[in-house]
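Down below is the structure, laid out as structure tokens.
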Amino acid sequence: MYLECLLSQKDFKEINEFLASLDEEMKKQTEIKKIIKKLRIIEESKKYGSIDKLIEKHKKDPQNIKIILEISEYYFSEGDYESSFSTLINNYYKNKEKIKKKLVEFFEALGNEHEATKTYRKKLSSLMFS
């Protein structure tokens with residue numbers, strides 16, 4: 001819970017120091033693994049710039065899966081899971097494997113009990129089996 005609070009405050013320095021102090025066994029715990037995944041997604045999304053720039057790039061090249069993934073990561077890192085997941089679901093047929101992989105990564109970062117995971121896992125299943 002402490003790490004989730006730090007994450008919501010974007011106190012990356014404190015999170016990294018805390019994680020560095022954990023032994024390898026602690027880092028294998030589900031909750032810690034989720035935080036590590038979220039942190040990696042957030043850190044990765046920082047290099048994309050603003051959402052406005054990403055959307056502008058997407059308008060110029062709407063088939064570019066890399067830009068779509070960057071947009072979804074940006075939204076995810078901001079805690080806007082609805083926009084993140086719907087961006088991926090709405091572009092599923094442009095590259096099924098990459099979209100599915102990114103969705104699974106997000107599901108793992110949020111955990112199975114998160115409402116967004118439950119909702120969008122169902123939507124992904126229906127797309128995969130329709």
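Things to note:
- Gyration tensor (alpha-carbon) shape descriptor, the chain, a/c threshold 1.5: oblate
- In terms of the mean number of neighbouring beta-carbon atoms within 10 Å, the peptides 119-129, 21-31, 105-115 order highest first as 105-115, 119-129, 21-31.
- Taking the chain and dividing mean pair separation by its residue count, relative contact order in percent (alpha carbons under 8 Å, at least six apart): 20
- Kyte-Doolittle mean at least -1.0, axial Cα span of 15 Å or more - DSSP H helices of the chain: 30-45, 65-77, 96-110, 115-128
- Overall form of region 57-130 per C-alpha gyration tensor (a/c, 1.5; a/b vs b/c): oblate
- Region 6-68 shape via C-alpha gyration tensor axes, a/c threshold 1.5: prolate
- 16 Å cut-off, amide nitrogen to a point 7 angstrom out along Gln9 Cα→Cβ, residues in region 26-41: none
- Theoretical gain in end-to-end length, Glu44 to Lys94 [0.36 nm per residue, Cα-Cα removed]: 15.8 nm
The numbers here are math on the coordinates, done by the rules we state, and not lab data. Since the structure is predicted, the reported quantities are computational estimates derived from the model, not experimental observations. Neighbour counts are summed over all protein chains in view; Cβ atoms, including those assigned to glycine, are modelled from backbone coordinates with ideal geometry.
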